[in-house]
Structure formats: structure tokens, C-alpha cells
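Working notes, structure below.
What follows is calculated from the coordinates using simple rules that are stated; it is not laboratory data. Keep in mind that this is a model prediction, so the values were computed, not measured. Heads up, the Cβs are rebuilt from the backbone with ideal geometry, glycines too, and the neighbour counts pull from every protein chain shown.
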Amino acid sequence: MAIERTLSIIKPDGVQKNLIGEVYRRFEAGGLKIVAARMTHLSPADAGAFYAVHRERPFYNDLVAYMTSGPVMVSVLEGEGAILKHREIMGATDPKKADPGTIRADFADSIEENVVHGSDGADTARQEIAFFFAGTDICPRTR
Ligand code: CMP
């Protein structure tokens, strides 16, 4: 399998619950490497643009309000098959459907407030990484 990069967000509820270390621990234990990371508080314009694909969905306004309700951690994770691996560690979008032991099964309160976000494919990963990070922000692991 190829080395991939994916965009990961610890959402405002995850930061509020003080889960930054626990979430990163799970990603690292799963073989993923953090190659860029920062905390940011999204503006409504940022959150609206990031989730533009969901613009017509009934939950869009609530999603933007939630994603701007507190700071988030945005990160780029790298590894073999990183996109799928990251999604496996997060679990299904709806925590009621997430496999036991996944981040969402263990920590998410609802399908709306589900602690983490991850890119869903290679094209999305490229776009989402570029949304938050310049190429020079990403630090290839040299050791
Ligand atoms: P995420 O993986 O970041 O992608 C879109 C987000 O919208 C999702 O996680 C949830 O935070 C939120 N959301 C709210 N309601 C729904 C829904 N019914 N289906 C999918 N996502 C939803």
C-alpha cells in the first residue's frame, strides 16, 4: 500500500473534553505520523468554506456553528494507507454505528458532535490539506 497523507481535525468537543493527547496517541499507535499540526479557532467563513460540499444539507448551519464554537486541532497525518487507517481509528460518523474501541464510539456524543474529522478519499485529502497548510508547513519525517 502507498504512503498517503490525510487531513485530521480534532473538533471543538474533542478539544473541550481534553482529548488531544488521547486522539493523537491512538493515531500514532495505529502507525500514523503527524507531519503538521496547529490549533486554530475557525471563523464562520472558514468553516462554511471547508464544509461547502454540505451546503445544501439540513445540518449545514448547525455544523458551521459547532465547528466555530471553540478551537480545533488541524493536522496532517502520514502513513501506509493513511486515509483508510485514519477513518478506521475514528469509526463511523454516527457514534451509534461506530465499532467498539474507535474514537467516536468511545468519546462522541452524537452524529453532530463527533469529536474528529478525516478526509474521505485521496482527492479530498489533497484539497483539505491545502485548505489548512502550505507545502512548507508540512515536515517530512527525516528520522
Ligand atoms: P464529518 O466527518 O466532519 O463530516 C460532516 C459533518 O457534519 C459530520 O462529521 C458531523 O459532524 C456533521 N453532521 C451533522 N449531522 C450529520 C448527518 N446527519 N450526517 C452526516 N454528518 C452530519
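Annotations
- Helix-derived mean residue ellipticity, 222 nm - over the chain, DSSP H n ≥ 4, -39500 (n - 2.57), to 500: -10000 deg cm²/dmol
- 3J(HN,Hα) from dihedral phi, the stretch 87-98, Karplus parametrisation 6.51/-1.76/1.60, rounded to Hz, x for glycine, proline: 5, 5, 5, 5, x, 4, 3, 8, x, 5, 9, 6
- Karplus-derived HN-Hα couplings along the stretch 69-84 (A = 6.51, B = -1.76, C = 1.60, θ = phi - 60°), whole Hz, x at Gly and Pro: 7, x, x, 10, 9, 9, 9, 10, 10, 10, x, 4, x, 4, 5, 5
- Taking label points 7 Å from Cα along the Cα-to-Cβ direction, Asp106 and Ile20 give a separation of 1.8 nm.
- Extension reserve of the Asp94-Arg57 stretch, reckoned as 0.36 nm per residue once the Cα distance is removed: 11.7 nm
- Restricting the stretch 1-105 to GluC sites (Glu not before Pro) in coil, as DSSP defines it, with at most 11 other Cβ within 10 Å: Glu56
- Amide H partners (placed H, <5 Å) of Val116, local residues excluded: Lys11
- Size check on the chain: the Cα extents along the three principal axes, sorted descending, read 43, 34, 26 Å.
- The magnitude of the dipole of the stretch 11-143, with charges of +1 and -1 set on the Cβ of Lys/Arg and Asp/Glu and taken from the Cα centre, is near 340 debye.
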